[in-house]
Structure formats: structure tokens, C-alpha cells
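These notes are about the structure you will find just below.
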Amino acid sequence: MNLPPSVRLSGSDYPVFEIDHPTCKARVALHGAHVMEWCPAGEEEVLYLSPDAVYKEGKAIRGGIPVCWPWFNAHPADPEQPSHGLVRGRFWELLDAAEDPSGVTLRFGIRVGIWNAEITVKAGEELEVTLESKNVSEVPIVVSGALHTYLGVSDISQVRIVNLDGCAYLDTVGGPEMRKQKGDVTFDREVDRIYESSSSTLIVDDLSGRTILIEKSGSPSTVVWNPWAEKAAAMGDMPDDGYRKFCCIEAAIANDRAVVVMPGSSHVLSTRISVEE
Ligand code: BG6
């Protein structure tokens, strides 16, 4: 396929689309249809990508935006199935690549058995990632998942997440237990929570003076995750202090919010990330 002038393909065994457009620079791997980096013009990099990430078929890239699908976390019934679904460790197919003055659009597709999905990445002044679950089978399918966005921060202990105040959440650290958020979300230990929220959130980074807006649609759950020191140290693909440099805010469909997609229908989950002035 002919790529538009602002897109270059690097690597042959592990292809990466390198975007250099007047609105942004970005890198998107064919493996996982995975946005690795996105830097709008005149800004610092927005996403966190682990310097120890592993680029190998079957292994999810640590950082950027892993696509967790068609289920979130453990499979609802079969513990033998991989965590976070079937597609973050596979090569997708590039279906379309285009650009216009507002940015570059890449569209990817994948099919694994009855599971069929498309990812559209639009990288410009804003970054938009859209996951379409298409039911091409004869029976209803049940879908959950997440656009598992790793947002770069100056220091995790200095940031706060705004707009989850009052939301119920499942705290999966220790518990699991249902709780209610009071005020902004801040970090001084491991955080692994599924919020019942379909609203936008802001991550306010007072040290860098940067605020990032995370909008979403088709997503009844917002997952907030930071592994903190002990779990980060146990991960082979992240530096021991890597946890200080990111916060995951995930546009998700989690646990009992899984959606039923009827034959011939589809469900669209999307997230849009922008740097606030
Ligand atoms: C989050 C989950 O979405 O992903 C966490 O809430 C999990 O429980 C994290 O640890 C990372 O998962 P993985 O499989 O990429 O290490």
C-alpha cells in the first residue's frame, strides 16, 4: 500500500509507522495496532513508552496505548486465556493510510476466530484511537476491553486526576472492594481501580504545568492504574523507577459492563487525548 508523504515504514520483521506531520510526530506499531508515541507540534511527548519495552511477537509493548480486546484483564470464564485479550500480542493488517492538513489516519484490522475488530488511529494536534468490535458471526458476542493509555507524567506523586469525584469504583488492590472516590485521585501507593464513569478526565501535572484531557465514548468504565515500586520492580520490561513516569487512564469496558454485540452489528469504543492550553 502507498503511504502518504508524512508516514514512513521502518523495520521489516516488526514494522513501525513513523509519522512526521506538521501537526505531530507519532510512532505506531503494526504489532497490536499499538500507538507507541505521540508528540503534538510544540509540545513534549505525551505518552509513556518504557525504555525496556520488548518488541517481539506475542509480547505486548509496555507503554503507549495497548489495545486490550475482546476482554479486559482475566478472561471471564477461562483462566488459561491471556490477560487483556487476544490482540495486543499479534500483528494486525494495515487497511488504510491517509493524511490531510489536520493529521494522519491509519486504519488496522484483525480477525481471530469469531473476533473481528478495526482500530483507527488519527494523529494530529489531538490523538484519537477508535476500536470497532464487529460481529461478523451468526451469534451474539460479548465484548469488553480497554484502550490502555500510558500517559507520561513528570512525577507520579505530583499529579492528580480530576473528574472522578463521587464515582463508585472497584478497588482491586488487596480487596477487591467497592469504594467511592472523594476528591481528585492522587498517588502514593499502588492504584488499580475500575471507576464507573463514562465521563472525560483530566490529568493535572503541576510540576510540568501540563494538563491533559482524556475524552472517551462507548466506555462505561475508567481504569486508573499505577503499579508502584514493588510491582514495577517485578516487571521485566520496565525500569525499577519507571512507575514514577506514568499513569494509566484507560477508556474501558470492564467486568459486568461487558457489551453484547448482535450479529451484523458493531460496538465503538474510542478515546481522544489532547494537551490543554
Ligand atoms: C491494568 C489492570 O489495566 O493493566 C492491572 O487494571 C494490570 O491489574 C495492568 O496489572 C497491566 O497489565 P499487563 O498485563 O499489561 O501487565
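Between residue 8 and residue 112, the simple spin-label model (points 7 angstrom out along Cα→Cβ) gives 3.2 nm. Rg/Rh for the stretch 39-122 (Cα atoms only, Rh after Kirkwood) is 1.02.
Stretching the chain fully between residue 262 and residue 179 yields a gain of 26.6 nm (0.36 nm per residue, less the alpha carbon separation).
Counting beta carbons within 10 Å around each of 235, 36, 1 and listing the fewest first gives the order 1, 235, 36. Report, by chain and number, residues whose modeled amide H sits under 5 Å from the one on residue 159, excluding near sequence neighbours (fewer than 5 apart, same chain). The answer is 187. Just so you know, the averaged projected area of the alpha carbon convex hull for the chain sits at 14.3 nm². Relative intensity of the stretch 137-179 on a log10 scale, I(q)/I(0) at q = 0.27 Å⁻¹, equals -1.13, per a Debye sum over C-alpha point scatterers of equal strength in the absence of solvent. When the listed pairs 59/182; 134/231; 122/231; 134/216 are checked against a 25 Å cut-off, the alpha-carbon distance exceeds it for 59/182; 134/231; 122/231. The separation of the stretch 38-87 from the stretch 204-277, counted between C-alpha centres, amounts to 10 Å.
Where a number appears in this text, it was derived from the coordinates with a stated rule and is not lab data. For clarity, every value in this text was computed on a predicted model and none was experimentally measured. Methodologically, a virtual Cβ is constructed for each residue, glycine included, from the backbone with ideal geometry; neighbour enumeration extends over all protein chains shown.
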